[in-house]
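Taking it in order: structure first as structure tokens, then the write-up.
The values are calculated or read from the model by the stated rules, or taken from the named source; none is laboratory data. If you're wondering where the values come from, they're calculated on a predicted model, not measured in any experiment. All Cβ positions, even for glycine, are placed from backbone atoms using ideal geometry, and neighbour counts span all protein chains on display. Ligands, DNA and RNA are stripped out before the accessible areas are found, and what is left, the full protein with its side chains, is counted by its heavy atoms. Shrake-Rupley method; radii C 1.70, N 1.55, O 1.52, S 1.80 Å.
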Amino acid sequence: MVAVTIWNEYRHEREDDDVAAVYPDGIHATLADALEPNHDVETATLDEPEHGLTADTLESTDVLLWWGHEAHDEVDGAVVDRVHERVLEGMGLIVLHSGHYSKIFKRLMGTSCSLQWREDEGTERLWVVDPGHPIADGVGEYVELPETEMYGEPFDVPEPDRLVFTSWFEGGEVFRSGCCYRRGSGRIFYFRPGHETYPIYEHEEIRRILDNAVEWAAPTEGAPRTFGHRDRDRD
């Protein structure tokens, strides 16, 4: 089974009654419930020592899910360095919703990762634009979310290696909502849907997508990589 660590700030759920009503045990607990049937899942939160992301924890993690919103600046740079190194080594990273502003995602992208946004409880239609991609396996032509926060272009990120989902919103905006990247040996998936006051992570098809994304992002065996000086091969 893929070893998954779900990281969450876990601030909104403890400070805001409206958020606690949707995610009473924290967003990380809801995500863990979605992934535990098929994966070995642990959780970590911002206020734990080293944000719960110790060297040992990351060493044993195949895929890290990241959900952050209001406390990006509180994430310690040493922890960001540690996560960055593990991604380059091959650990998968799935960045969710407002995690686009996280220190780790901005470092890996090398851009501001800025976008347009609006909270208006409008409908989102999440279109599958790469139906052959493993992350879209078992998903229909689109996923409709009746209440969501709008994210709109321009989205200041590098061109994705593969774009799996594009969102359309009632206001007419569109957004690249499922972006795949590779950095070093690690696979990265940015997935837009999700908000602290909407039960999006309870949605069956969103949970299927996250399950697929974990399988896709998990490290795979490949040819060994060596660097530095190399002597001439001799028979």
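Kindly report the accessible area of the stretch 35-115 per residue (heavy atoms of protein chains, probe 1.4 Å, no ligands, DNA or RNA), in Å².
40 Å²
The stretch 193-235 and the stretch 1-44 have Cα centres lying 19 Å from one another.
Over the stretch 122-211, what percent of the accessible surface lies on carbon and sulfur atoms, probe 1.4 Å? Before the final figure, lay out each step's value.
On the way: 1650 of 3510 Å².
Answer for the stretch 122-211: carbon and sulfur cover 47 percent of the accessible area.
Specify whether the C-alpha gyration tensor of the stretch 109-200 places it in the rounded, prolate or oblate class, a ≥ b ≥ c being the square roots of the eigenvalues: rounded for a/c under 1.5, otherwise prolate if a/b is larger than b/c and oblate if not. Oblate. In whole angstrom, the stretch 1-150 maps to an equivalent ellipsoid with semi-axes of 24, 20, 17, each derived as √(5λ) from the alpha carbon gyration tensor and ordered largest first.
Relative to its Kirkwood radius, the Cα radius of gyration of the stretch 51-115 gives an Rg/Rh of 0.93. Charge tally around residue 65: other residues with Cβ under 12 Å, Lys/Arg +1 each, Asp/Glu -1 each, net -3.
In the chain, the longest principal axis of the Cα atoms and the axis of helix 204-217 are about 10 degrees apart. Remark: relative contact order (the stretch 174-230) = 27 percent; criterion is Cα-Cα distance under 8 angstrom and separation of 6 or more residues. Note on the stretch 1-62: dipole from Cβ charges, positive end direction compared against 31, 52, 7; the farthest Cα belongs to 31.
Taking the DSSP beta bridges in the chain as the whole, what percent of them are antiparallel, to the nearest 5? That works out to approximately 55 percent antiparallel.
Only Cα pairs under 8 Å and 6+ residues apart enter the sum, and on that basis the relative contact order of the chain stands at 21 percent.
Across all directions, the average projected area of the convex hull around the alpha carbons of the stretch 82-235 is 11.3 nm².
State the Kirkwood hydrodynamic radius of the stretch 157-211 in Å, one decimal place, computed from all pairs of distinct Cα atoms. Over the stretch 157-211, the inverse of the mean reciprocal pair distance is 12.6 Å.
Only helices enter the 222 nm calculation for the chain: every DSSP H run of n ≥ 4 contributes -39,500 (n - 2.57), and dividing by all residues gives -6500 deg cm²/dmol, rounded to 500. Just want to confirm a number: the relative contact order over the stretch 1-96, from Cα pairs under 8 angstrom separated by 6+ residues, in percent. Relative contact order, the stretch 1-96: 35 percent. Ordering of 219-227, 16-24 by packing is 16-24, 219-227, highest average first (other Cβ atoms within 10 Å, averaged per residue).
Accessible surface computed residue by residue for the stretch 128-228, with neighbouring protein chains in place and a 1.4 Å probe, gives 46 Å² per residue.
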